[in-house]
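Please treat every number below as a calculation from the coordinates, not as lab data. Just so it is clear, the structure is predicted and the values come from calculations on it, not from any experiment. Ideal geometry is used to build each Cβ from the backbone, glycine not excepted, and the neighbour counts take in all protein chains shown.
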Amino acid sequence: MISDIVNVIFYLGNCVLLVNLRRMRLEKCWFCSSTVYPGHGIQFVRNDAKIFRFCRSKCHKNFKMKRNPRKVKWTKAYRRLHGKDMTHDSTFEFERKRNRPERYDRNLAENTLKAIKKIDKIRSDRASDHIKNRLKTGKVQRQKEARKQLEQGIHLVKAPHALAQDSSLCLPKIKVNVSQAQTEENQPMEE
Amino acid sequence: MRTVLKVVDNSGAKKVMCIQALKGKKGARLGDTIIASVKEAMPNGKVKKGKVVYGVVVLAAMQRGRCDGSEVKFDDNAVVLVDKQGQPIGTRVFGPVPHELRQKKHVKILTLAEHIA
C-alpha cells in the first residue's frame, strides 16, 4: 500500500526544506457508499487487514449489528441492486480509483477541475432522469385510478338529488352513439 | 494495567499482560510502548512464561485520531515484543500494523509488517 506520507524536498535558495505532505483522498463509506471527506468518520481495520470506512456513526453502528447493506433500504448498495438508481453509465468511469499519482501540471489540474463540475452535472441529470422514468408509470396509473374513482363514487361527494337539480355538479355527459337497429325495435313496444 | 494483549510476532509469547504503560498517565494507546508480563508462551520460544518484557502496541480496539481528523480502530489489542532499545525480538510480524509507528520511530516493525493500515 502506498504510504500517504510523501516527503517532499524543497530547495529554497541554498537551504533545503523537508516537508511532510499528506495525500488527500475522498473515500467511500462501506455501508452507505456516500463520500467520506477528510476529517470525518471512522476507519476500522480488521485482522485480515481489510479496511472498512464509515462516513458516520449510523453506518458504523449498522455494521457492528452485522447488517447487510444490500438489505438496508436507504443505502446505495440496496438502491443499485434493486434498480432504484442508475447502475451502468459512462460517467462512472471517470470516478474509478487510480493508484498512480499524477505529476502536477497546472493545465491538467485546471482542466480536471472544470471537467469534474461538468461530469457531475451530467451524472446527476442522468440519475434523476432514470428515477423520473421509473416513477412515470406509477403516476399514470394513479391518475387513471383517480378518474375511475371519481366517476364511480361521485354520489359520495354529492347527493343524487343535488346532482339531478344542478347539472353543473355532474360530470360531463359522455355521448354514446346508439345504433339504428335498436331504436326500430323499441317502436313497436310503445305503440 | 492488567490488559491482556495478543502477541503478533514470532518471539514465542502468545499472550502478555500489561503491567505498566511507559508514557501517559491515562494508559498506553496505539503506538506506545508498555512493560508486560508474559502469561502464555509457545514451548520453544525466545521468550518464556513469566518473563517481563517491553512491547509496542500495534493494534488497539480503542480508536486513535489521525492527523487528518479521521479515527482508526482495530479488531483487538495486540503487541509486538521489543527490547529496551526498541528493536523487535521476533523476526516476523503478523497482521496489519498502523502508520503511527513511523512517527514513533519503530521503523523495524514497519519493515517486518505484512500490511500497513
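Mind checking which of B:THR91, B:MET17, B:LEU110 is farthest towards the positive end of segment B:3-116's charge dipole, using Cβ charges of +1 (Lys, Arg) and -1 (Asp, Glu) about the Cα centre? Value computed over the given set: B:MET17. Listed by chain and number, the lysines whose alpha-carbon sits under 16 Å from that of A:LYS73, ignoring those within fewer than 8 places in the same chain, are A:LYS58, A:LYS61, A:LYS84. Listed by chain and number, the lysines whose alpha-carbon sits under 16 Å from that of B:LYS49, ignoring those within fewer than 8 places in the same chain, are B:LYS6, B:LYS14, B:LYS15, B:LYS39. What you get for the protein assembly as shown, charging only the Cβ of Lys and Arg (+1) and of Asp and Glu (-1), is a dipole of about 1900 debye around the Cα centre. Taking N as the residue count of segment A:107-154, its C-alpha radius of gyration divided by 2.2 N^0.38 Å amounts to 2.17.
Counting only DSSP beta bridges with both residues in the protein assembly as shown, what percent are antiparallel, rounded to the nearest 5? Antiparallel bridges make up about 85 percent of those DSSP assigns within the protein assembly as shown. Across segment B:22-29, rounded Karplus estimates of 3J(HN,Hα) from the backbone phi angles (6.51 cos²θ - 1.76 cosθ + 1.60, θ = phi - 60°) give 6, 10, x, 6, 8, x, 7, 10 Hz, Gly and Pro being marked x.
Using alpha carbons only, the radius of gyration of the protein assembly as shown set against its Kirkwood radius gives Rg/Rh = 1.33.
Output the pairs from B:LYS46/B:LYS104; B:LYS23/B:LYS48; A:LYS66/B:LYS84; A:LYS28/B:LYS104; B:LYS25/B:LYS51; A:LYS64/B:LYS48 with a Cα-Cα distance over 32 Å in this structure; if there are none, say none. From the list (B:LYS46/B:LYS104; B:LYS23/B:LYS48; A:LYS66/B:LYS84; A:LYS28/B:LYS104; B:LYS25/B:LYS51; A:LYS64/B:LYS48), the Cα-Cα distance tops 32 Å for A:LYS66/B:LYS84; A:LYS64/B:LYS48.
Pairs of lysine residues in segment A:107-154 that meet both criteria, 8 or more places apart or on different chains and Cα atoms under 19 Å apart, total 5. Projected over all directions and averaged, the alpha-carbon convex hull of chain B occupies 6.6 nm².
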